[in-house]
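Presented below is the structure to which this report refers.
Every number in this text was worked out from the coordinates using simple rules, so none of it is lab data. Because the structure is a prediction, the values reported are computed rather than measured. Counting neighbours? That spans all protein chains shown, and the Cβs are built from the backbone with ideal geometry, glycine included.
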Amino acid sequence: MKRHLPGIILSSITCCLLLISMGSISGQNGTGRPAYAKTSVSDSIAHNLAEKIKIYPVPAKSELIVDNIEGVTMLEIFDVTGNKCLNEVCDAHEQVTLEVSQLKKGIYFIRFISPRATIMKRFIKE
């Protein structure tokens with residue numbers, strides 16, 4: 001019986017965390033009233049921005065083209081460990097070509113920063 005005790009405790013903790021996170025997903029703000037407004041508006045803006053932006057070619061070899069970036073003020077590229085590899089200011093540009101030949105092969109993430117939303121996309125460097 002003692003062998004199963006840590007699993008039971010771990011399952012209980014996991015269950016409690018799941019219930020807490022489900023409360024936050026369902027929109028509860030701790031007062032018993034649903035939380036609306038700001039999060040849904042910013043989520044909608046971020047969703048629209050994410051759908052609009054196109055990254056190609058994937059996988060990239062030497063250049064990565066980022067298209068439809070109106071309103072995006074800065075691009076940042078991170079490797080899978082979270083280290084920033086590249087930073088590009090892109091005010092008033094519709095399209096940016098990024099030189100990625102210096103990056104090692106692997107998976108990278110691009111953070112698009114605009115005044116109204118911040119989103120992340122990923123790409124593969126070949």
Taking a spot 7 Å from the Cα of residue 54 along the direction of its beta carbon, which residues of segment 96-114 have an amide N less than 18 Å from it?
96-98
Kirkwood hydrodynamic radius of segment 45-125 from all distinct Cα pairs, in Å?
12.6
Consider a paramagnetic label point 7 Å from the Cα of residue 73 along Cα→Cβ; state which residues of segment 92-126 have an amide N under 16 Å from it.
92-93, 111-119
